[in-house]
Amino acid sequence: MKLIKAYVRTYMSDKVVHALKKIDAPRLTAIDIRAMGDEIAPQHLEISSAHAGTYTTMVKLEIVCDDDEVDRIRGAIIENARTGYKGDGIVVISPVEDLVSIRRGR
């Protein structure tokens, strides 16, 4: 199994989520985040005294899937999140060592 984390622009997240639902991507979680870094285009930055710097709002999508689903999920994310401008986001894919259903206990 794999864990896919995608960090996408907030205004592109609905398009990405709809695309993932269309391909029946399993176990999807969406989390509002504030991203900081030099990879963000200056026109998308906001200033925050609480975070001592500049940031932009993004959405972090997390999907746990079988190994054979990774390519189509990654493709759907990239196809629907890409604007072609600096700061479109990233996709990270990691192995899942164990997965336990809380309801079933296994």
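The values are calculated or read from the model by the stated rules, or taken from the named source; none is laboratory data. Quantities reported herein were computed from a predicted structural model and do not represent experimental measurements. Glycine also receives a Cβ, built like all others from the backbone with ideal geometry; neighbour counts cover every protein chain displayed.
Selection within region 25-63: residues that are among the aliphatic types (A, V, I, L, M) and modelled with pLDDT under 90. The member of this set that is nearest to residue 93 (Cα to Cα) is 35. For region 91-106, a residue qualifies if it is within 14 Å of residue 8 (Cβ to Cβ) and surrounded by 14 or more Cβ atoms within 10 Å (Cβ to Cβ), and exactly one does: 91.
Once region 1-35 is narrowed to residues that are among the basic types (Lys, Arg) and within 13 Å of residue 59 (Cβ to Cβ), the residue that is surrounded by the most Cβ atoms within 10 Å (Cβ to Cβ) is 9. Residue 77 meets the stated requirement of being outside any strand (DSSP E or B) and under 11 Å from the mean Cα position of the chain (by Cα).
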